[in-house]
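Data first, discussion second: the structure below is written as structure tokens.
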Amino acid sequence: MSSPIPETPSTIAEPSSLLRIESESILGGDAEWKHAELDLSELRSIHVLHTHTTTLELHDLEDKLLECNAPLTYDPSETRIFLTKIRSKRRVELELRSRGVYIESAEIAHDEPPKKRTKLDSQATLSQLSVDQSEVDEGVESNQDDYAQVLRVDWLKDSLAAQRLEAFEPYQILAGRIGRAAEHDIVAGSSSLKPAPKHATQSILIRARDDAPTASGREHQCPYRGGHFHSRTKPTISQKRPAPPLSLTQSTTGSDDEAALPPAPDWVREKLIYACQRRHPRSPPNTEFIALLKRIKLARILTSDEIGVRAYSTAIASMCAYPHVMRRTAEVARLPGCDGKISALWQEWHDTGSLQAVQEFEKDEEMKVVRLFYDIWGVGSTTARQFYARGWRDLDDVVEYGWSTLTRAQQIGVKFYDEFLIPIPYEEVERITAVVLEHAKRVRDEGVEAIVVGGYRKRKPDVMDVDIILTHRKLDVTAGLVTDVLASLEESGYVTHTLVLSEHNTSRGQSTLPFRGNRGTSGPLGTGIGFDTLDKALVVWQDPHAAREEGERDERVVESADEKVIKNPHRRVDIIISPWRTVGCAVLGWSADTTFERDLRRYAKSKKHWKFDSSGIRSRENGAVIRAEGPEGVPDGLGWLDAEKRVFDALELDYIPPEERCTG
């Protein structure tokens, strides 16, 4: 990198973006989610249209459907029952067309208009709930597979409240035969009908854009279009109808005899949908295919397709937990989150050894640049695309044209870009931990304990940063500890820059993150903020003694036979402080992959009606603290590992060791 990098201040404040606001459930509050006894397994495939819903509302809906054993799918092309918050039939039709789905509306004849909603018991069959095909107007085919319905989400809400299935018709917005795309083709922005470009939807980036949220009143989340970025884009409809989903019983040998499949794991047979309910080893049998799914997931991340990221994260986690080498699509289809789209991708990989979507992503020059910017510490996918939109194509451009517009964290991320991408050997992780513990004891006493979490504890092959939890059995000792440790490390030269410094936990008396409960019997639940609000310092680290031994600090890049080698690189180190009474929650919250942690919070909410985060557990009903580890934590004679196991016990989960929480 040729451009000189200006000096950056060593300390910056915590950005407000670290806080996350939880939204109210779309179904009217947590109380209505607590018990789900409906069985929706006999219904046809269900998909939730995300327009007008927040990400958290969408997750709540999908979670409840899965708990009711509904055949949930993330692929609109294979959906036969759509749920939506949209009220307008015309808007529903436009939303479906933007996803390549065309429903030819059919007027249903009734002897009398229904006077009120008809309630059915939980054993009602699909034929009782769906519109009788004999009632469909003449000219509409009666093939159930070609028939789709769009219902308001109120159907699910009312069915759950009544603990019985409501009839579809009162909630129906649109119903009819799924038509041929060619009969409805339009090109966005055109006033006349004409064929769309032949390859209009072939690029993975365009597919990612089409899958992205397009909620009314919000900027399009995936603004990639034709090599340029726009604040809003309109989808181009393919001339060709999307291919029908791959049959889930299709086989590479021509037959998928269920008896010939390997035995399904317990979590598949018992329909355990949460990643925290199963084991995910570091090296699963289907690593090669999983790696390709991760590349598609990365494409969704870079285009801010939150729905796609969620869908692929769920599928990848299921694949990571599957104990057998996949040989048939029927094996893929029976896994949670692996709908027809994932099955089709597996079949493509099985037949060709690759995935077209991945090849397109790898070749896309724009995404190569966006990925480069995304790897800057402090830069997310949206900011990375904004850098590209400004005409920047490498780090030199960022320094030359945009240095003054960067946050101080981003400036530090650019300055040490190459060094932050170098994996940290386990021996170095242990040396850094020993130094941090030494300074913690220096500013407090010998009772301070250090726990290495993150990638090191999961035994990941590449550790990219060092996560260390400091704790003490006396509550007053951990108050303000992070500031004192940081000052000592800075004075000794180990910490060169502070990216984030937070004392949120100390400021609230080191209590579990507050949760405001029900505002009366009929009011909605309040909101909580943040996932991890423990005291922490996220810092840049370098061993000053190694630097002095190697000579001048500015001459740390040496040429080897094959590549440049950075001697004594700067490292990313996170120092987290936890009170002893909730150290088990802190260790658990920092010792698993993202999907495992996400599902742990979802599980606690759905199954226990609790709010879990790294600072502890609270009841969602009354806000009371749940002392899962004991009133003051685990007693003398027990350690932090015992505390973590007690959290699993309180959640009624089997203990899963950290090296088996690798959900990808």
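The values are calculated or read from the model by the stated rules, or taken from the named source; none is laboratory data. Keep in mind the model is a prediction, meaning the values are calculated, not measured. As a convention, Cβ positions derive from the backbone with ideal geometry for all residues, glycine included, and neighbour counts pool all protein chains shown.
A count restricted to segment 606-664 and to residues that are at pLDDT below 95, within 25 Å of the chain's Cα centre (by Cα) and assigned to a loop (DSSP other than H, G, I, E, B) stands at 5.
Restricting to segment 283-298, and then to whatever is part of a helix (DSSP H, G or I) and not hydrophobic (A, V, I, L, M, F, W, C), can you tell me which residue is nearest to R99 (Cα to Cα)?
Filtering segment 283-298 for residues that are part of a helix (DSSP H, G or I) and not hydrophobic (A, V, I, L, M, F, W, C), the one nearest to R99 (Cα to Cα) comes out as K297.
Of all residues in segment 101-115, none satisfies being more than 22 Å from I307 (Cα to Cα), among the charged types (D, E, K, R), modelled with pLDDT of 80 or more and in a loop (DSSP other than H, G, I, E, B).
Of everything in segment 611-627 that is buried (at least 21 other Cβ atoms within 10 Å of the Cβ) and among the hydrophobic types (A, V, I, L, M, F, W, C), the residue that is farthest from A275 (Cα to Cα) is I617. Inspection of segment 401-417 finds no residue satisfying the criterion of being in the same structural domain as T594 (by TED's automatic domain parsing), crowded, with 18+ Cβ neighbours inside 10 Å, at pLDDT 95 or above and farther than 25 Å from Q510 by Cα. I'd like to know if segment 299-307 contains one or more residues that are more than 17 Å from the chain's Cα centre (by Cα) and in a helix (DSSP H, G or I). Scanning segment 299-307 turns up no residue that is more than 17 Å from the chain's Cα centre (by Cα) and in a helix (DSSP H, G or I). Does at least one position in segment 574-587 carry a residue that is in contact with a strand residue (DSSP E or B) (Cβ under 9 Å, 6 or more places away or on another chain) and either more than 26 Å from A450 (Cβ to Cβ) or without any contact (Cβ under 8 Å) to a residue 60 or more places away in the chain (or both)? No, that holds for no residue. Taking the criterion of being touching an Asp or Glu at 6+ places or on another chain (Cβ under 6 Å) and among the small types (G, A, S), the residues of segment 267-310 that qualify are A275, G308.
I'd like to check something: does segment 546-553 contain any residue that is in contact with a Ser or Thr (Cβ under 8 Å, 6 or more places away or on another chain) and modelled with pLDDT of 75 or more?
no
Checked against the criterion of being touching a residue at least 60 places away in the same chain (Cβ under 8 Å), within 28 Å of F289 (Cα to Cα) and touching a Gly at 6+ places or on another chain (Cβ under 8 Å), segment 384-399 contains not a single residue that satisfies it. Considering segment 66-100, and only residues there that are of a type in the set (K, R) and under 17 Å from K341 (Cβ atoms), the residue that is modelled with the highest pLDDT turns out to be R80. From the list Y401, Y426, exactly one residue is under 30 Å from D305 (Cβ atoms) and among the aromatic types (F, W, Y). Which is it? So the residue among Y401, Y426 that is under 30 Å from D305 (Cβ atoms) and among the aromatic types (F, W, Y) is Y401.
Condition check ((1) closer than 18 Å to S615 by Cα; (2) free of Cβ contacts under 8 Å to residues at least 40 places away in the same chain; (3) in contact with a Ser or Thr (Cβ under 8 Å, 6 or more places away or on another chain)) across all residues:
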site: L421; (1), (2), (3): no, no, no
site: H439; (1), (2), (3): no, no, yes
site: R442; (1), (2), (3): no, no, yes
site: G447; (1), (2), (3): no, yes, no
site: V463; (1), (2), (3): no, no, no
site: L470; (1), (2), (3): yes, no, yes
site: L489; (1), (2), (3): no, no, no
site: Q510; (1), (2), (3): yes, no, yes
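Taken together, the residues in segment 446-482 that are assigned to a helix (DSSP H, G or I), buried (at least 16 other Cβ atoms within 10 Å of the Cβ) and not charged (D, E, K, R) amount to 7.
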